[in-house]
Amino acid sequence: AQSVTQPDIHITVSEGASLELRCNYSYGATPYLFWYVQSPGQGLQLLLKYFSGDTLVQGIKGFEAEFKRSQSSFNLRKPSVHWSDAAEYFCSGGYQKVTFGTGTKLQVIP
Amino acid sequence: DAGVIQSPRHEVTEMGQEVTLRCKPISGHDYLFWYRQTMMRGLELLIYFNNNVPIDDSGMPEDRFSAKMPNASFSTLKIQPSEPRDSAVYFCASSSNGATYEQYFGPGTRLTVT
């Protein structure tokens, strides 16, 4: 079945450390891919998107993601995490009907 | 510019009652999505519309759930009768058909059925 998978349910990083959240996709062709962030009590907010072209995509809040066809991955990265980045992150992919991963909760410790 | 608007933000009702959730998409967006989010099942797509027409309702849990989009600026999700297992956060999202498929989410309605 066509889907995206987020293998990490929960990740803890220290403030100032680098971050990488994993996302793998399973589609016949390269899908549209997205990363969203959800803060507690809020809706999802789009961080970045990939359709084609440059495989390194820049997003808001200092996030970036790299599309790797050979690994069927679209991992989200940030060089230095801030306490305000603590939230749940969702990878999604597809075409007209996107599917969402199960989310990764990020905890940031001082 | 207003984003997706949902009302009410919180709803507490008793089992057996009818519940209606409302959504106003972003003006100009021609896709509208209804999602349900729970701890156990994560984010589930219930139904989506294109140009006010339901395209895929395969995620609607059962006949107790129904959704309508009478015009481009309004949609409802109705649960009748409601049950405690319907307690969840319900999100509405919209997108434009510019081959982007990025979705803009509303703040959600937290439904509690007692």
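Computed quantities for the displayed model
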{"quantity": "Percent RCO, i.e. relative contact order, over chain A, from Cα pairs under 8 Å lying at least 6 residues apart", "calculated": "39 percent"}
{"quantity": "Sites A:SER3 and B:ASP63 - FRET efficiency at Förster radius 30 Å, r taken between beta-carbons, to 0.05", "calculated": "0.65"}
{"quantity": "GluC sites (Glu not before Pro) restricted to the range B:1-68 and DSSP loop, no more than 16 other C-beta within 10 Å", "calculated": "B:GLU14, B:GLU18, B:GLU62"}
{"quantity": "Distance (nanometres) between label positions extended 7 Å along Cα→Cβ at B:THR76 and B:GLU18", "calculated": "0.7 nm"}
{"quantity": "Nitroxide proxy distance, nm - points 7 Å out along Cα→Cβ at A:TRP83 and B:THR112", "calculated": "2.9 nm"}
{"quantity": "Label point distance in nm, B:ASN50-A:SER70, each placed 7 Å from Cα along Cα→Cβ", "calculated": "3.6 nm"}
{"quantity": "Charge sum, other residues only, whose C-beta stays under 10 Å from A:VAL108's C-beta, Lys/Arg counted +1 and Asp/Glu -1", "calculated": "-2"}
{"quantity": "About the Cα centre, charge dipole magnitude for the range A:26-110 (Lys/Arg +1, Asp/Glu -1 at Cβ), debye", "calculated": "120 debye"}
{"quantity": "Residue pairs, from the table A:LYS68/B:LYS24; A:LYS97/B:LYS68; A:LYS78/B:LYS24; A:LYS49/A:LYS97; A:LYS68/A:LYS105, whose Cα atoms sit over 27 Å apart", "calculated": "A:LYS68/B:LYS24; A:LYS78/B:LYS24"}
{"quantity": "Vicinal HN-Hα couplings computed from phi for the range A:75-92 (Karplus, 6.51 cos²θ - 1.76 cosθ + 1.60; Hz; Gly/Pro x)", "calculated": "7, 9, 9, 8, x, 8, 7, 10, 4, 6, 7, 4, 4, 10, 10, 10, 9, 9"}
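No lab work stands behind these numbers, since they all come straight from the coordinates. Not measured: the values here are computed from a predicted model. All Cβ positions, even for glycine, are placed from backbone atoms using ideal geometry, and neighbour counts span all protein chains on display.
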